[in-house]
1. Taking the highest mean first, how do the peptides 304-311, 634-641 order by number of other beta carbon atoms within 10 angstrom per residue?
2. Packing-wise, with mean Cβ within 10 Å as the measure, how do 612-618, 256-262, 393-399 rank, highest first?
3. Tell me, what is the per residue accessible area of the chain in Å², probe radius 1.4 Å?
4. Across the stretch 620-634, in residue order, what do the Karplus-derived ³J(HN,Hα) couplings come to in whole Hz, using 6.51 cos²θ - 1.76 cosθ + 1.60 with θ = phi - 60° and x for Gly and Pro?
5. With a 10 Å radius around each residue's Cβ, average the other Cβ atoms per peptide and rank 224-230, 457-463, highest first.
6. With n ≥ 4 as the cut-off for DSSP H runs, can you work out [θ] at 222 nm for the chain, using -39500 (n - 2.57) per run divided by the number of residues, rounded to the nearest 500?
7. With semi-axes √(5λ) of the Cα gyration tensor in Å defined as stated, name the option among [x] 68, 32, 26; [y] 42, 40, 26; [z] 54, 41, 23 computed from the structure displayed.
8. Cα atoms only: what Rg and Dmax, in Å, come out for the stretch 582-624?
Amino acid sequence: MFLTRISVKHPVFATMMMVTVLVLGLFSYSRLGVDLYPETDLPIVVVATTYTGASPASVESEVSRPIESSLNTIGGIDTITSESYEGRSIVVVQFELDVDAQVAAQEVRDRVARLDATFPDGVDTPHVTRFNPDDEPILSVAASSSSRTLSEITTLANRVITNSLNVISGVGQISLVGGSERQVLVVVDPDRLEAYGVSVVSVMDAIRRENQDRAAGTLISGINQRIVTVEGRIADSSSFNSIIVSQSGGYPVYLSDVATVLDTGAEVTSRATYQGVTSLGLDIVKVQGANTVAVASALRNEISALNAELAKENVQLTITRDNSRPIAAQVSEVQRTLIEGGVLTVLIVFLFLNSWRSTVITGLTLPISVIGTFAVIHALGFTLNTMTLMALSLSIGILIDDAIVVRENITRHLQMGKGHVRAALDGTNEIGLAVLATTLCIVAVFLPVAFMGGLIGRFFLQFGVTVAAAVMISLFVSFTLDPMLSSVWYDPQSQKGAKRGLLGRLVERFDRRFDGLADRYRSVIHWTFDHRKTTIAMVVGMFVASLLLVPRIGAEFLPPADQGEVSISLEANEGASLDYMAAKVGQVERALREFHYVASTYSTINSGGARGFNEAMVAVQLVPSIDRTLTTSETIEPIRQRLSRIAGLKISVGQSAGVGGSSKPLQLSILGDGDEELRRISDQITSALAAIRGATEIESSIENVRPTLAVRVRREAASDLGVSIATIGDTLRPLVAGDAISVWNAPDGES
């Protein structure tokens, strides 16, 4: 073969080719991202819309359904699902897997933009995002203090903590949970408003009107030019008192006459607690394609530095969840298995070849093939993850096969009395076609795995390509490096009757015993020739018995990993307040501390997967596996049994699935005519499923009716008074729910 001929005649050239492969592989390895699973660009688009104060029914009829109707005509859609909550609509559009995710997101964005003008007043602009598993936080941090208020901690986080963490390479977004932004609170007195004849709307308009800078144009004088600005932005909270909101009897009515101005924190709409202490949560998301382990490591270092800096502010940062640690642990475990497999493979080769020179010649195939594969992984945009490392682990035994066959045949030609160069050329040429056919068969088996359809195909793409690339590189090494080394490196131990040391004699004794085992195996083969029907019956029987075992074998997409984290979902009755839910979360946390294998708890209300004041998530970190006798999955049932004794909560306990959290293994969709019909069918199915042995945590997504106070307007009376329904709503809203106005930008340095 021409590769073998060139390598044998030009050994330096062959050596430099191998060095080039190693350099490229090592260079690529240092730049490879590390993740638990391959990146999957799923064509799923989420449309989130806020309609503050609206009931779920209003959100469904005025927001969710129009969005669904508008998106229905887009091509390539698999399913459209929507969930309508109080003040929030979530529409999820799942496209077929062959649709480009970016194109799908842009198409949805264009359709939703056309609807923006048709939505009722009070509906915020819909937020269209692509679903990406990498958008889940890789790190969650709790900021707490024994002396600082939550508002002060939030201000410190906005000005110091997030700015320091955002500059780290690979950090994409930092979200605050349970924060209370600093704001100026204007508390109006209804009695004073009535006495002065001032409406709430007039007060709000006055604040908006008086608290702003206005551009007045440009003043040109000769060669000079100046910008003229009317400065009206209020610099401190006490200055709001002097705003004139109206005139009464020829005298000005100041804001201080009808309201009290407070410099305080905003109303808390979510809550985070760590170990039972109210904290400010920071969820950190990495950019797509960044090295999860490297980004998390840099974040941990920066958090340590920030803790030293924030000690004088009496603020402590604590990492509550670190999704990079199970990734690093699993990848490290696979890497260790890869190294162990390589060492064992080399030892077995030495055991059968009984020559350290032949072992080195064939064993060099392993590091060169594996390191060279890193270059292919990097070039194709893959990462070091469970699938690519599993592919390398699986192919360890395959990679050295070609080299063993080539070396063994070259040794046979040497024993025929040929020179080293001629033996290398003849031995490789003679066996080359068989080696090539074997390698191509392996490629033909594994490469089609990369083209499987569905979500599984997305995962196994990197697996199949990695195996194929590693095997092809090993074939290249077998046809170049092995013949070259065989031609220049004399191996006396490969000759029969060669003098051997103690280890060589021990291996030779093993060879003789193995030959005896081969002789006994030969007698078994002869017996099968004499009893063909019996042999066929035995093989068929084993095959049928194997098929009968298939139904007894469980099936799942990915096996549960012992990551040391349990995820708990809590749900209270509709209408529960944030304080009520916080009290219930406190009960859950105290119950969890009864288990000796629970290391820490981190709870969030109305954040992430928990939508609404009546929903919460609790992340339970377990002690290291060496300090507990139970696996993560075995701790779930005791925790579920203990938490089931807490009244007023629906509790779901599951093992965290790493990035992305936990989910139910079985989900059913129900279609019905109206909420009442859906609720009736849902109750029937829930009762039927509850009767199944082993079924737990059966939940229905249909919400109970939330307690509502309805204001019904007497239209005739309202018309006589000249008051419209819009005016009534605009007046009630700031009095009941409050209203946010951009009133003041605090100067830097103020707290």
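The values are calculated or read from the model by the stated rules, or taken from the named source; none is laboratory data. Please read all numbers here as calculations on a predicted model, not as lab measurements. Glycine also receives a Cβ, built like all others from the backbone with ideal geometry; neighbour counts cover every protein chain displayed. These area figures cover heavy atoms from the full protein model, side chains too; ligands, DNA and RNA do not enter into them. Shrake-Rupley method; radii C 1.70, N 1.55, O 1.52, S 1.80 Å.
1. Top of the packing list down: 634-641, 304-311.
2. 612-618, 393-399, 256-262
3. 55
4. 9, 8, 8, 5, x, 4, 6, 9, 9, 8, 9, 7, 4, 5, 6
5. Put in order of decreasing packing, that is 457-463, 224-230.
6. Rounded to the nearest 500, it is -15500 deg cm²/dmol.
7. The listed entry that was calculated here is [x].
8. 11.0, 33
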